[in-house]
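A.B. asks: Questions regarding the structure given below will be posed in turn.
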Amino acid sequence: MKNLHQLQAWQAAALLARREISAVDLMRACLAQIELREAEVHAFAHLDADAALAHARALDAGPLRGLLHGLPLGVKDLIDTTGMPTSYGSALYAGHQPVADAAVVALCREAGALLPGKTVSTEFAYFQPGPTVNPHSQAGSPHTPGGSSSGSAAAVAACMLPLALGTQTAGSIIRPAAYCGVVGYKPSLGLVPRAGVKSLSEALDVIGGFGRSVRDVTLLGAVLSGDMRMPEALPADFRPNIGLCRGPEWHLADADMGQAWELAVKRLAPHASLADLALPPALHGLVALQKSVMAFEMARALSHERVQHRDRLSVRLLALLDEGMTIGGDQHLRELVATAAAQRVVDALFDRFDVILAPSATGEAPAGISATGDPVFCRGWTLLGLPCVHLPFTQGRLGLPIGLQLVGRWGQDKSLLALAHQLHEWLKNE
């Protein structure tokens, strides 16, 4: 079978389960694609092809392991791994070798995933970028892949890997998925264990991942959450109620995003009940609130680095950490109370809507790789802890990917993924 690297994860998983393809052949196809494109894309912080092939041979010789049996999986360099270094995107931790896998890595290995390498993260998952280039960039005109899960999104978009893990504290899964044109899934806050992932914010950090279809990230989500039941297919006559939420920051969206929004409404209208959703005033300050919560918690989570190694941190990161140290604990407690109140307000919206449709980014991926773009359309949903899925379906004026995100009720990830699969089919329909 040719072009195994182009298979979506769910397709490859089915073929592997029936032994119609081997883990070795799939891994070799992905490694060949990595060899072809890595010098251009720079998605990997570390790669160990020999170890991945040895593991693939062992899988082929044994019984089926689980939902991810034989699937190559990229792991963001913020997530601890045995057998390969984890540097958290910082030269400060170059060569750092964890003694244990993060919980999510251990779960994926247990389910049969193959780990060929670590994917590039921005410095401590903030705004200082690594070398990764958006795979859709034209020669000589690089564009950002987004951040902070830069390498994971780019590797999946370039068909180097079918799946990759990422993390989100502001917009670090949804925004790279948007810029690179892949499906990104940020689970509900607290659904996935965070042990062994560099802690940045107790109130915000979530581990999720990337695939090239909703079915792909559904497989990954089942393993990460421990709920192995796949979402049931929606009835043929089901007509979802969708809240169209441009949000208070809509003025920051460019013309490409505006056109994508109108196209989405046009394509969904025959299949769903659509209604504009204006967020109540109690939810208008979420972006500023998320920034403050993140600054306070990151400044304290990175206290060792901030106190002992200031000279080895970027100017961007230091500015955030210093800002965070000006915020008092009493203010932070008030902000956590405000966050909880906002979560109650937004939960009531899902009594009216099955899902909320919202922008993922301001437009196409910005030119250059010295910055990772604005996460403004992700910050509020992250603060609220809601599950989100980015769905790519069109292009902007430069031919770069554009899509929108679906936002679900907290804890209702399975329902969100089932809806996301169906809505993605409608959105892609020409």
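A.B. asks: Looking at Ala32, Ala91, Ala56, Ala23, can you tell me which residue is surrounded by fewer than 21 Cβ atoms within 10 Å (Cβ to Cβ), more than 23 Å from Thr169 (Cα to Cα) and not acidic (Asp, Glu)? Show your work before the answer.
C.D. replies: On the way: Ala91 fails: more than 23 Å from Thr169 (Cα to Cα); Ala56 fails: surrounded by fewer than 21 Cβ atoms within 10 Å (Cβ to Cβ); Ala23 fails: surrounded by fewer than 21 Cβ atoms within 10 Å (Cβ to Cβ).
From the options Ala32, Ala91, Ala56, Ala23, the qualifying one is Ala32.
A.B. asks: Sticking with this one: Only one of Ser370, Ser415 is closer than 21 Å to Thr122 by Cβ, more than 17 Å from the chain's Cα centre (by Cα), of a type in the set (Ser, Thr, Tyr) and assigned by TED's automatic domain parsing to the domain that holds Arg267; which? Break it down into steps so the answer makes sense when it comes.
C.D. replies: Numbers: Ser415 fails: closer than 21 Å to Thr122 by Cβ.
One residue alone meets the criteria, Ser370.
A.B. asks: Report yes if some residue within the stretch 159-171 is buried (at least 19 other Cβ atoms within 10 Å of the Cβ) and assigned to a helix (DSSP H, G or I); otherwise report no. Talk me through it step by step, then tell me what you get.
C.D. replies: So the first thing to find is which residues in the stretch 159-171 are buried (at least 19 other Cβ atoms within 10 Å of the Cβ), and the list is 159-171.
Applying the additional criterion that residues be assigned to a helix (DSSP H, G or I) yields none.
No, there is no match, as no residue in the stretch 159-171 is buried (at least 19 other Cβ atoms within 10 Å of the Cβ) and assigned to a helix (DSSP H, G or I).
A.B. asks: Of (1) within 16 Å of Trp426 (Cα to Cα); (2) crowded, with 17+ Cβ neighbours inside 10 Å; (3) not hydroxyl-bearing (Ser, Thr, Tyr), Val265 satisfies all except one. Which?
C.D. replies: Evaluating Val265 over (1) within 16 Å of Trp426 (Cα to Cα); (2) crowded, with 17+ Cβ neighbours inside 10 Å; (3) not hydroxyl-bearing (Ser, Thr, Tyr) leaves (2) as the failure.
A.B. asks: OK, next. With the requirement that a residue be assigned to a helix (DSSP H, G or I) and surrounded by 12 or more Cβ atoms within 10 Å (Cβ to Cβ), what does the stretch 227-260 give you?
C.D. replies: So in the stretch 227-260, the residues assigned to a helix (DSSP H, G or I) come out as 250-252, 255-260.
Hits for the stretch 227-260 are Trp250, Leu252, Asp256, Met257, Gly258, Gln259, Ala260.
A.B. asks: Which ones in the stretch 318-333 are hydrophobic (A, V, I, L, M, F, W, C) and touching a helix residue (DSSP H, G or I) at 6+ places or on another chain (Cβ under 6 Å)? It would help to see each step written out before you state the result.
C.D. replies: Initial filter on the stretch 318-333 (hydrophobic (A, V, I, L, M, F, W, C)): 318-321, 325, 327, 333.
Result: Leu320, Leu321, Met325, Ile327.
A.B. asks: Mind listing whichever residues of the stretch 89-145 are part of a helix (DSSP H, G or I), in contact with a strand residue (DSSP E or B) (Cβ under 8 Å, 6 or more places away or on another chain) and closer than 26 Å to Gln308 by Cα?
C.D. replies: Passing the criteria: only Ala125.
A.B. asks: Looking for whichever is modelled with pLDDT of 95 or more, within 25 Å of Leu200 (Cβ to Cβ) and not charged (D, E, K, R) here; the options are Gly62, Gly66, Gly95. Which one fits? Before you say what the answer is, go through the steps one by one.
C.D. replies: On the way: Gly62 fails: within 25 Å of Leu200 (Cβ to Cβ); Gly66 fails: within 25 Å of Leu200 (Cβ to Cβ).
Criteria check complete, one pass: Gly95.
A.B. asks: Can Ala177 be described as of a type in the set (A, V, I, L, M) and crowded, with 18+ Cβ neighbours inside 10 Å? Break it down stepwise before answering.
C.D. replies: Details: of a type in the set (A, V, I, L, M): yes; crowded, with 18+ Cβ neighbours inside 10 Å: yes.
In short, yes.
The values are calculated or read from the model by the stated rules, or taken from the named source; none is laboratory data. Bear in mind the structure is a predicted one, so any value in this text is a computation, not a measurement. Cβ coordinates were reconstructed from backbone atoms using ideal geometry, including for glycine residues, and neighbour counts include every protein chain displayed.
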